[in-house]
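Below is one structure; the comments refer to it alone.
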Amino acid sequence: MGILFTPFRIGGLTTKNRFVRSATYDGGAEPGGFVSEWQIDLYTALARGEVGLIVSGIFNVDSEGKISPSQNSIHRDHYIEALSRLTQAVHKQGSKLAVQLFHAGREAFRRQEALGRHALGPSDLEHGQDPYFEGACRAMTDEEIEAVIEAFGKAAARAKRAGADAVQVHGAHAYLLSQFLSPQSNKRKDNWGGSFENRLRLHKRIYESVRKGVGQKYPVMIKLGVADGFAGGLELEEGLQAAVQLADLGYDAIEVSQGLRGHDYTEAECRPKIVRRVDEAYFREWCRQVKEKVKVPVIMVGGLRSRYLMEEVLSTGHADLLALCRPLIREPDLIASWSAGKERRAGCVSCNRCFDLIRTGARLKCVLGEKDGANP
Ligand SMILES: Cc1cc2nc3c(=O)[nH]c(=O)nc-3n(C[C@H](O)[C@H](O)[C@H](O)COP(=O)(O)O)c2cc1C
């Protein structure tokens, strides 16, 4: 069957193949943030479709970190029961589940302003002061930072109690950990800002808190933004150092992605119009460099569309696992069809209309009409 369908170990977790569903917010949680039956059906389809490891969409670890009303939460014990039903459904189909632990930081500004509050971020920011972010936020106090760190640990413990196989800390894209790591958004002058070591402190303290919550053997992964999507933000050189230090500290796997977003989708984690082979695997070079420097498993994400290319990525040693998001929105059974020997490329054309859709508050689906689908 080839390397794609060989098992792989991340700490104590064994996946049956090298395919990961990269974390995907789906707007399908019950009001209040509970896992819904609709989500259980969605994850069951992915697991039946032979995805080895499903990373959930974002689960907020505290209420300030929540970005959308139809998002999953894990900041109280009463979320455990519905999450357990999700893990059981995934396990029944022979797949594994990791819960993505999330804090939006400044990106929660719309929700927080509607509640009459300021969103929290590393530094104070007025509306319109930042070229890449349209909201405003307030610098977190030391106590607030400590509370978030503790919340990550408690949330991880709940995920474990619900039977999840791993957790993934969201340290990428536009959200809290990326905001702290980027010199563009972190202007603090205390222990949490300024030097690279200080900007990375939150990632390390969150690891320690999560580890305390789940014990030594449980897989703790991070999706790490290793460079921002625009000049003047986090540079790759620092992103690589961050990956090395976090792997040395104990994170069990690193999914390599982008930090802060730039102006449009071409400077974001979900790049548009990936239709030619040369456009695929757009974070491959970052991933290759991370892989060269760390000993823990590395997960590649971003524009993976052809089975042939993915085989080549693994055999050249540029990654250990391959994560897909948009292709599995369009075709949850894509991996199963490859496992059955079909050679076709993913039908997703990376139009990002799924991303536009969830931003309206709707539930996730592929909105590309069958007639538009590229399925060479
Ligand atoms: C609809 C949608 C929802 C997403 N939700 C999340 C999320 O909850 N957490 C996360 O880390 N990334 C999220 N992403 C980013 C993806 O996980 C992935 O990094 C990105 O789409 C690139 O992979 P792809 O080319 O396979 O789509 C989302 C992307 C899309 C399109």
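One table, with the values for the structure above:
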read-out	value
Residue in the stretch 179-201 that is within 30 Å of His78 (Cα to Cα) and in a loop (DSSP other than H, G, I, E, B) present	no
Sole exception among (1) part of a helix (DSSP H, G or I); (2) more than 15 Å from the ligand (Cβ to nearest atom); (3) in contact with a Gly (Cβ under 8 Å, 6 or more places away or on another chain); (4) of a type outside the set (Asp, Glu) for Ile80, by number	(3)
Boolean, Asp320 is touching a Pro at 6+ places or on another chain (Cβ under 8 Å) and touching a residue at least 24 places away in the same chain (Cβ under 8 Å)	yes
Residue match in the stretch 180-197 (condition: aromatic (Phe, Trp, Tyr), over 20 Å from the mean Cα position of the chain (by Cα) and surrounded by fewer than 17 Cβ atoms within 10 Å (Cβ to Cβ))	yes
Answer from Glu280, Glu269 - the residue that is within 12 Å of the ligand (Cβ to nearest atom), touching a Leu at 6+ places or on another chain (Cβ under 6 Å) and of a type in the set (Asp, Glu)	Glu280
Residues being farther than 16 Å from Val296 by Cβ and either within 15 Å of the ligand (Cβ to nearest atom) or crowded, with 20+ Cβ neighbours inside 10 Å (or both) - total across the stretch 219-237	6
Residue within the stretch 282-291 that is of a type outside the set (A, V, I, L, M), in contact (Cβ under 8 Å) with a residue 60 or more places away in the chain and crowded, with 21+ Cβ neighbours inside 10 Å present	yes
Residues that are in a helix (DSSP H, G or I), touching a residue at least 24 places away in the same chain (Cβ under 8 Å) and surrounded by fewer than 22 Cβ atoms within 10 Å (Cβ to Cβ), drawn from the stretch 292-317	Lys293, Arg307, Tyr308, Leu309, Glu311, Leu314, Ser315
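For every residue, the table says whether it meets (1) more than 15 Å from the ligand (Cβ to nearest atom); (2) closer than 13 Å to Leu4 by Cα.
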site	(1), (2)
Val296	yes, no
Glu312	yes, yes
Arg330	no, no
Ile358	no, no
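Computed from the coordinates by the stated procedures, all read-outs in this text should not be read as laboratory data. Keep in mind that this is a model prediction, so the values were computed, not measured. For neighbour counting, all protein chains shown are included, and Cβ atoms are generated from backbone atoms with ideal geometry for every residue, glycine included.
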